[in-house]
Structure formats: structure tokens, C-alpha cells
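Asker: Have a look at the structure that comes next, please.
The values are calculated or read from the model by the stated rules, or taken from the named source; none is laboratory data. Computed from a prediction, not measured in an experiment: that's the story for all the values here. With ideal geometry, Cβ positions are generated from the backbone for all residues, glycine too; neighbour counts draw on all protein chains shown.
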Amino acid sequence: MKIVKATYLISSPSFDLCPTLNLPEYAFIGRSNVGKSSIINALCQQKNLAKTSGTPGKTQLINHFEIISNSVAKGKQDKWYIVDLPGYGFAKVSQSSRRRWEQMIENYLRKRENLNRVFVLIDSRHSPQKIDIEFIEQLVQWEIPYTVIFTKSDKEKPGVVARNVKSFFEILNEKLQFLPQGFVTSAEKKTGTDEVLACIDQYNKIVAEG
């Protein structure tokens, strides 16, 4: 799959104000400063589509991007949404603001009918973090389909990245019945982006076949 056009559409404060339920959508979420905007930009081959920031907690709304792609699986163009969700975990905000974000995210994840899959972003430079494991366990409890994307693989030695990824799946294996699919990526070097797009292409095909 190749994205031929990516356009910012709207930022919404709640799930019920999001765009019409007419296209499949793929949500991206992770801890603050995990490189979410950078990987979205890399997938879309645009530098400033999703706004990057060094300040954790910068994304505060549900951001929709309309995507047009050439589908290898279907041999035609597809239209779908990428959704940039606020990060979870550390952010220099008040408890009330954090709780409001958490409720907004939960409502979106559980009630958004055309949400096809959640991509959970994990910083590959670090050993497994409790908050990431707990978030995935919550998705499983809510029966929300998800895939893991390990980010920033170019920022650490390959051996360290491989150990961190292995450890992450070992912990998940102890807690979950089924392990998710996972991709190791680098926004800067575009590593893994083709694999993520191919994954989305396959899920779009499943949606089209009904």
C-alpha cells in the first residue's frame, strides 16, 4: 500500500463529535513522547501532518486525518482515517485534566463504531513499562483489536532494541491468552513503515469484504 494523499480533517473533544462513521479508522496511541506524531508523518510521507512536540501531553484532542491510499491487496484506491489520540501516562497537567483525557479516550475506544484497530506505540529504547502493559490489558478486557508498534529503533543499539522487544512479549505472554502482532519501526529511517501500511491494507480489505 502507498498513501497518495493525507489531509488533516478535524480535532474533536469527544467521540460523538468525530467525523461521520463512513470510513474505517486506525487509532494511534502511546505514552507521551513515544514518537506518535513522527510515525504518523513517516507513514504518510509528510513532515508536518501531525504536529510533533518535545512537550509531553501536547495532543489533547482526538485528531482525524483523511487518508487516500493505493491498495495492493484490492487493486484500487481506499479512503480511511488515521486518528491521533492523546498520550497516556506522564504529562504536566492537573488531575482533573488527566481524568478528562482518560474518559475521552475510553469513550472513543469503546464507543467508536468504525474503529478498526488500535496501534499501541511502545518506545523500543526502554525495558517494558508497567503502564504500557496495563493499557494493553485494558484493551483486551474491552475486546478492542490492537497491534503493537515499537518506535525509535534507530535511537538505540539493535541488540538493546531486540532484548526490549523480546522482554515485552515475554511479559505479555504471561498475562494474555493471545499475543498481538508487532512491528519495530523508526520514523527517521522509515524502518517498518511499509509493514505497518501493509497491515492496514489487509484490514481495509477485510472491511471491504464485509
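Asker: Please verify whether the range 127-145 includes one or more residues that are modelled with pLDDT under 90 and within 30 Å of F178 (Cβ to Cβ). Even if it seems obvious, please write down each step before you answer.
Answerer: Initial filter on the range 127-145 (modelled with pLDDT under 90): none.
Within the range 127-145 (the criterion being modelled with pLDDT under 90 and within 30 Å of F178 (Cβ to Cβ)), the answer is no, since none of the residues qualifies.
Asker: Oh, and also: So V148 clears everything in (1) in a helix (DSSP H, G or I); (2) buried (at least 17 other Cβ atoms within 10 Å of the Cβ) except one condition, right? Which one?
Answerer: With respect to (1) in a helix (DSSP H, G or I); (2) buried (at least 17 other Cβ atoms within 10 Å of the Cβ), V148 is out only on (1).
Asker: Out of F135, F178, I need the residue that is surrounded by 15 or more Cβ atoms within 10 Å (Cβ to Cβ) and aromatic (F, W, Y). Which one? Working first, answer last.
Answerer: Working: F178 fails: surrounded by 15 or more Cβ atoms within 10 Å (Cβ to Cβ).
That would be F135, the only listed residue that is surrounded by 15 or more Cβ atoms within 10 Å (Cβ to Cβ) and aromatic (F, W, Y).
Asker: Among the numbered criteria (1) of a type in the set (D, E, K, R); (2) within 23 Å of W80 (Cα to Cα); (3) buried (at least 17 other Cβ atoms within 10 Å of the Cβ), which one does E143 miss?
Answerer: (3) is the only condition that E143 fails.
Asker: Inspect all residues belonging to the range 154-171 and state whether any of them is assigned to a helix (DSSP H, G or I), under 18 Å from the mean Cα position of the chain (by Cα) and crowded, with 20+ Cβ neighbours inside 10 Å. Break it down into steps so the answer makes sense when it comes.
Answerer: Here is the first cut: in the range 154-171, the residues assigned to a helix (DSSP H, G or I) are 154-155, 158-171.
So of that shortlist, the ones also under 18 Å from the mean Cα position of the chain (by Cα) come out as 165, 168-169.
This time we only want the ones that are crowded, with 20+ Cβ neighbours inside 10 Å, so: 168.
The answer is yes, given that some residue of the range 154-171 is assigned to a helix (DSSP H, G or I), under 18 Å from the mean Cα position of the chain (by Cα) and crowded, with 20+ Cβ neighbours inside 10 Å.
Asker: Also, quick follow-up: Would you tally the residues in the range 3-51 being charged (D, E, K, R) and modelled with pLDDT under 90? Give the derivation first.
Answerer: If we filter the range 3-51 for residues that are charged (D, E, K, R), which is where we start, we get 5, 16, 25, 31, 36, 47, 51.
The next check asks that each one be modelled with pLDDT under 90; those that pass are 47, 51.
Qualifying residue count, the range 3-51: 2.
Asker: What pairs come up if the first residue lies in the range 14-25 and is surrounded by 11 or more Cβ atoms within 10 Å (Cβ to Cβ), the second is part of a helix (DSSP H, G or I), and their beta carbons are under 7 Å apart, counting only those six or more places apart or on different chains?
Answerer: As it stands, the answer is S14/M104; S14/N107; F15/N107; F15/Y108; F15/K111; P24/N204; P24/V207, since those pairs meet every condition given.
Asker: Out of all the residues in the range 165-210, which are at positive phi and touching a residue at least 12 places away in the same chain (Cβ under 8 Å)? Break it down stepwise before answering.
Answerer: Within the range 165-210, the first condition is being at positive phi, and the residues that meet it are 190, 192, 210.
K190, G192, listed by residue number.
Asker: Oh, and also: Checking the condition at pLDDT below 95 and more than 27 Å from L179 (Cβ to Cβ), which residue from G89, G54 passes? Lay out the reasoning, then the answer.
Answerer: Values: G89 fails: more than 27 Å from L179 (Cβ to Cβ).
Result of the check over G89, G54: G54.
Asker: Among the residues of the range 111-130, how many are loosely packed, with under 13 Cβ neighbours inside 10 Å and touching a residue at least 12 places away in the same chain (Cβ under 8 Å)? Walk me through it before giving the result.
Answerer: Initially, the range 111-130 is screened for residues loosely packed, with under 13 Cβ neighbours inside 10 Å, giving 111, 113, 127, 130.
Right, trim to touching a residue at least 12 places away in the same chain (Cβ under 8 Å) and you get 111, 113, 127.
Adding up the residues that qualify gives 3.
Asker: Hey, among V165, V207, V184, V161, which residue is within 28 Å of Q77 (Cβ to Cβ), among the aliphatic types (A, V, I, L, M) and in contact with a strand residue (DSSP E or B) (Cβ under 8 Å, 6 or more places away or on another chain)?
Answerer: Matching residue, one of V165, V207, V184, V161: V207.
Asker: Restricting to the range 1-34, give me the number of residues that are of a type outside the set (V, I, T), assigned to a strand (DSSP E or B) and more than 22 Å from I206 (Cα to Cα).
Answerer: Within the range 1-34, the first condition is being of a type outside the set (V, I, T), and the residues that meet it are 1-2, 5-6, 8-9, 11-19, 21-28, 30-33.
This time we only want the ones that are assigned to a strand (DSSP E or B), so: 2, 5-6, 8-9, 11-12, 25-28, 30-31.
Next, only the ones that are more than 22 Å from I206 (Cα to Cα) stay: 8-9, 11-12, 30-31.
Within the range 1-34, residues that are of a type outside the set (V, I, T), assigned to a strand (DSSP E or B) and more than 22 Å from I206 (Cα to Cα) number 6.
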